[in-house]
Amino acid sequence: MLLVVGLDGASYELCNRWMDEGYLPNLTHIRGRGAWMPLQSTIPAVSPVAWSTFMTGTNPGEHGVFGFFVPERPGPYEPPTRFRPISSYDCHGKRFWEQMNEAGLSTGIVGVPVTYPVRAVNGHMVAGLLAPMLEAPGTTYPAALAAEITAQVGPYRIVPRGVYVPGGEEAFLDEVHRSLELRRNLASYLLERHRCDVHLFVLYETDLVQHKMWQFMDEDHPRYNASKNRWHDAIRDVYVHADAIVGELMEELGSGDTLVVMSDHGAGPLYGTLHLNKWLREQGYLAYKTGWRQKLAWAASKWKIVQLSARISRQLGVNQRVTLRPGQRRTLASGFLRADDLDWAATRAYNMGYQGAIYTVGERHAETTQKLTEHLTEIRDLARDCRVVETVHTPAELYAGRLVDYAPSIILSLKKQAYNVSQKVFAPALFTLGADSGTHRRQGLLGVIGTGTKAIANTGEFHIQGMARLLLEIAEV
């Protein structure tokens, strides 16, 4: 049997630190007895891009996933008709588990982002991040598995419930650990009742807790508050919980089996959010239709309702859900950027990525790209007195494949990977620091123990694009 555990966003640096301090005994065992090394992620290092690269063994120019959202358009430089969340239909290419199925192996795939709606497999599948909820059609294969999980495991979460708000740390962390425990129970149940030749489980909580709680452990963070040391070890405690799950799965290994632990990217502090669409609007590249003020006010009021409801639910110690219609959810998730609200006759570029992905529009797209390339590196965070854009990439520099033309015209690498990019058009300032205090880094981790260790040399580092080939080799496909 091949067991793969994805620790979403787990940091190679943090793991090594906490292994050295004795907090992660099971990962320490893997490091000492197997292979252990950094795993380099994609550019940008965001979950949809990284996990799609992981599952297909191809780069974004081939599989076609460039971020969390898709601009639906008739051609690469045409105005989009709408922006929508990415789905499994947008990821092109054969997944490694489909190749395993063709070779006669059964597979159980649980929690991988960009697998919703699920596809039929020889085995079972439970979708991960971007699936709405377990009960939604298309979240599990077979479909009846959803009701079975609820009955036998409990109220399983695709992602932890509720929205983090400052002041709600205790309820947030309780929910994170509750969600992790449900993943532990689900893994145990599936291994007992639906055992396959290959199992893949992704634990999303390691990423989520870093986004929200980094400020409490990092004394150099601009929002660090020594009086809130109660939460200093919050991220470490989630890693400890995940390590215990790894240990239980390791106990399932037989003499000829292999366990692989990996993360799709790493993590580090977030020093600011660049509102790139605001900059594009101010520079004359992006234009809104008339009436945008009323639409923005509606979107902002809806977002305030979501935040207020989350704050109240945290204070009450409950995890209340706020129900939004699909169109409202898309508007909120996309940072209030709606294709219908933009004046496409006057718009030449827009951002649609959390780490900086600019799409150009119109026949003069090459000229627009060139001008933007010249000026983006001039953007400065005045509060930290630094330039924010380190490198301006074109897709041809990063990707290759049949879908390169549909990639963003510009992909940014931001200073020390310590900035995010917002899609909001109307923000109070060019740079803000929101609820998140942590963000992604390109360096994830890879550990292998068991017979499959011989498939990888324990030197240097590995790239996430090679993971599909590695897993197929370990499975002898």
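The values are calculated or read from the model by the stated rules, or taken from the named source; none is laboratory data. Remember, it's a predicted structure, so these values are computed and weren't measured experimentally. Virtual Cβ from ideal backbone geometry, glycine too; neighbours counted across all protein chains shown.
Below, the figures for the structure above:
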quantity	calculated
Output for the range 50-79, where each listed residue is of a type in the set (A, V, I, L, M) and closer than 22 Å to Val361 by Cβ	Val65, Val70
Residue in the range 88-102 that is under 20 Å from the mean Cα position of the chain (by Cα), more than 23 Å from Arg402 (Cβ to Cβ) and hydroxyl-bearing (Ser, Thr, Tyr) present	no
Candidate set: the range 24-45, residues that are under 25 Å from the mean Cα position of the chain (by Cα) and over 16 Å from Ile456 (Cβ atoms); chosen: the one surrounded by the fewest Cβ atoms within 10 Å (Cβ to Cβ)	Ile43
Conditions (1) part of a loop (DSSP other than H, G, I, E, B); (2) at pLDDT 95 or above; number of the one not met by His177	(1)
Qualifying residue in the range 40-59 (condition: assigned to a strand (DSSP E or B) and either farther than 29 Å from Val240 by Cβ or in contact (Cβ under 8 Å) with a residue 12 or more places away in the chain (or both))	yes
Test set (1) under 17 Å from Gly466 (Cβ atoms); (2) assigned to a helix (DSSP H, G or I) - Asn26 fails condition number	(1)
Within the range 232-247, tally of residues that are of a type in the set (Asp, Glu) and in contact with a helix residue (DSSP H, G or I) (Cβ under 7 Å, 6 or more places away or on another chain)	1
The range 397-418 residues that are of a type in the set (S, T, N, Q), paired with ones that are in a helix (DSSP H, G or I) (beta carbon under 6 Å, 6 or more apart)	Ser409/Thr369
Candidate set from the range 378-411 (those that are in a helix (DSSP H, G or I) and charged (D, E, K, R)); member that is surrounded by the most Cβ atoms within 10 Å (Cβ to Cβ)	Asp405
Test: residue in the range 205-223 that is touching a helix residue (DSSP H, G or I) at 6+ places or on another chain (Cβ under 6 Å), surrounded by fewer than 23 Cβ atoms within 10 Å (Cβ to Cβ) and either farther than 26 Å from Lys415 by Cβ or of a type in the set (Gly, Ala, Ser) (or both)	no
Residue match in the range 215-227 (condition: in a helix (DSSP H, G or I), among the aromatic types (Phe, Trp, Tyr) and within 20 Å of the chain's Cα centre (by Cα))	no
Complete set of residues in the range 111-128 that are closer than 17 Å to Phe68 by Cβ and either among the hydroxyl-bearing types (Ser, Thr, Tyr) or part of a loop (DSSP other than H, G, I, E, B) (or both)	Pro113, Val114, Thr115, Tyr116, Pro117, Gly128
Meets criteria (touching a Leu at 6+ places or on another chain (Cβ under 6 Å), among the hydrophobic types (A, V, I, L, M, F, W, C) and either at pLDDT 95 or above or more than 26 Å from Leu470 (Cα to Cα) (or both)) for Met262	yes
Answer residue from the range 422-477, given it is buried (at least 17 other Cβ atoms within 10 Å of the Cβ) and basic (Lys, Arg) and is farthest from the chain's Cα centre (by Cα) among those	Lys424
One residue from Arg119, Arg161 being touching a residue at least 60 places away in the same chain (Cβ under 8 Å) and of a type in the set (Lys, Arg)	Arg161
Scope the range 145-172; condition closer than 19 Å to Leu191 by Cβ and either part of a loop (DSSP other than H, G, I, E, B) or touching a Gly at 6+ places or on another chain (Cβ under 9 Å) (or both); matching residues	Val153, Gly154, Tyr156
